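Asker: What follows is a single structure, and I will ask about it in a moment.
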Amino acid sequence: MPSIHPNLNDFKITVITGAGFSQPSGIPTFRGSDGLWRNYSPQELATPSAFSQNPSLVWEWYFWRIKLIQEAQPNPAHDILAQLESQGCDIVILTQNVDDLHERAGSRQVLHLHGEIMKTWCVGCGTKNITPPGTSTSLPKCPLCDGLLRPAVVWFGESLDSTILKTSFKRLANTDLLVVAGTSAVVYPVADFPFHAKRLNPSIIILEFNMEKTPISPLTNKTILGPVEETIVSYFQHYGGSLET
Ligand code: BV8
Ligand code: ZN
């Protein structure tokens, strides 16, 4: 892999990623036409009420996604961020994605704002990080209390983990280059993160990589439209010394 411009190491880089970052790996996005499963939209299924009404249906959706993720590979966009980190860049990824593709590409500084699909916790006794469920059809049960296990993700209407939020805000206050990639920027509170970062540090550089303009586009120094698996790779490979591309 061609090397990355050395003086990127001088900057604190924070990258907010969304479903569009994993789309090139074959993982459906949330709001794109590819996101539907048996004609359900993710927003209908990723809620506590959907799970309490029909846990089997919600688990079937999650087993379907887990299988897709297990069969998927990280794509060049994941790889370039991992390469930045391995090359000594101070880079932190704040991902809305629940898959483990950033980690499988080699990134270590990753915060999962909306949780992790490969982990579960028990609704009965609250025990966390129980071994990921096999993609079976039956409802996964807790080995300790036989209670129902749920995916360790943040559903709509649920609060994000307070420690992860605090760490994210601290990082945003201490960032030189904020990259927002592959997100429609409509899910809160993450959709507000770029505005929050700009308020905390008006000299921050914000770059957006997406297929379409989003509500944060007017805030950015530049919005680079195109497939992120190409655009973000060429940005960091051909970086010419000024953060604004
Ligand atoms: C909360 C985990 C407090 C589950 C997900 C104001 C303040 C606070 C809350 C709210 C608020 N207004 C409304 C709310 C409620 C809600 C919300 O934001 N609703 C929206 C829809 C209006 N927020 C919440 O409920 C949050 N909780 O704030 O707690 C609280 C508590 C109670 C009551 C009120 C407040 C919790 C939100 C987290 C929900 N969980 N996921 C799971 O995955 O199963 S969200 C889900 O959306 C995923 O995490 C996903 O990543 C995320 C964001 O979507 P995107 O990543 O942007 O994906 P999308 O498909 O939309 O877009 C993809 C983009 O990529 C597109 O632009 C596309 O063009 C582009 N693209 C595609 N391919 C490529 C590409 N770009 C480049 N290259 C490509 N190849
Ligand atoms: Zn239990």
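Asker: What about K141, is it farther than 14 Å from F21 by Cβ and either within 16 Å of ligand 2 (Cβ to nearest atom) or surrounded by 16 or more Cβ atoms within 10 Å (Cβ to Cβ) (or both)? It would help to see each step written out before you state the result.
Answerer: On the way: farther than 14 Å from F21 by Cβ: yes; either within 16 Å of ligand 2 (Cβ to nearest atom) or surrounded by 16 or more Cβ atoms within 10 Å (Cβ to Cβ) (or both): yes.
In short, yes.
Asker: Right, something else. Within the bounds of the stretch 10-32, is there any residue that is assigned to a helix (DSSP H, G or I), surrounded by fewer than 20 Cβ atoms within 10 Å (Cβ to Cβ) and more than 16 Å from ligand 1 (Cβ to nearest atom)?
Answerer: yes
Asker: Could you check I80 against (1) within 24 Å of T214 (Cβ to Cβ); (2) within 10 Å of ligand 1 (Cβ to nearest atom); (3) in a helix (DSSP H, G or I); (4) not acidic (D, E) and say which number it fails?
Answerer: (2)
Asker: Do we have any residue at all in the stretch 57-77 that's closer than 30 Å to S203 by Cα and part of a helix (DSSP H, G or I)? Can you show your working first?
Answerer: Restricting attention to the stretch 57-77, the residues satisfying the condition of being closer than 30 Å to S203 by Cα are 76-77.
So of that shortlist, the ones also part of a helix (DSSP H, G or I) come out as 76-77.
Yes: one or more hits.
Asker: Within the stretch 45-54, which residues are surrounded by 16 or more Cβ atoms within 10 Å (Cβ to Cβ) and not hydrophobic (A, V, I, L, M, F, W, C)?
Answerer: First pass over the stretch 45-54, keeping only residues surrounded by 16 or more Cβ atoms within 10 Å (Cβ to Cβ): 45-47, 50-51.
Within the stretch 45-54, T47 is the sole residue that qualifies.
Residue-by-condition table, conditions (1) exposed (fewer than 14 other Cβ atoms within 10 Å of the Cβ); (2) part of a loop (DSSP other than H, G, I, E, B); (3) within 16 Å of ligand 2 (Cβ to nearest atom); (4) outside the structural domain of K12 (by TED's automatic domain parsing):
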residue	(1), (2), (3), (4)
F209	no, no, no, no
E212	yes, yes, no, no
P218	yes, no, no, no
T223	no, no, no, no
E229	no, no, no, no
I232	no, no, no, no
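Asker: For the stretch 143-192, what are the residues that are basic (K, R) and either within 10 Å of ligand 1 (Cβ to nearest atom) or more than 18 Å from D99 (Cα to Cα) (or both)?
Answerer: Just the residues of the stretch 143-192 that are basic (K, R), to begin with: 150, 166, 170-171.
Once the filter is applied, which keeps residues that are basic (K, R) and either within 10 Å of ligand 1 (Cβ to nearest atom) or more than 18 Å from D99 (Cα to Cα) (or both), the stretch 143-192 yields K166, K170, R171.
Asker: If you take the residues of the stretch 161-203 that are in contact with a Ser or Thr (Cβ under 6 Å, 6 or more places away or on another chain) and part of a loop (DSSP other than H, G, I, E, B), which of them is surrounded by the fewest Cβ atoms within 10 Å (Cβ to Cβ)?
Answerer: Selected residue: S184.
The values are calculated or read from the model by the stated rules, or taken from the named source; none is laboratory data. Computed from a predicted structure; not experimentally measured. Cβ atoms come from the backbone with ideal geometry, glycine included; neighbour counts cover every protein chain shown.
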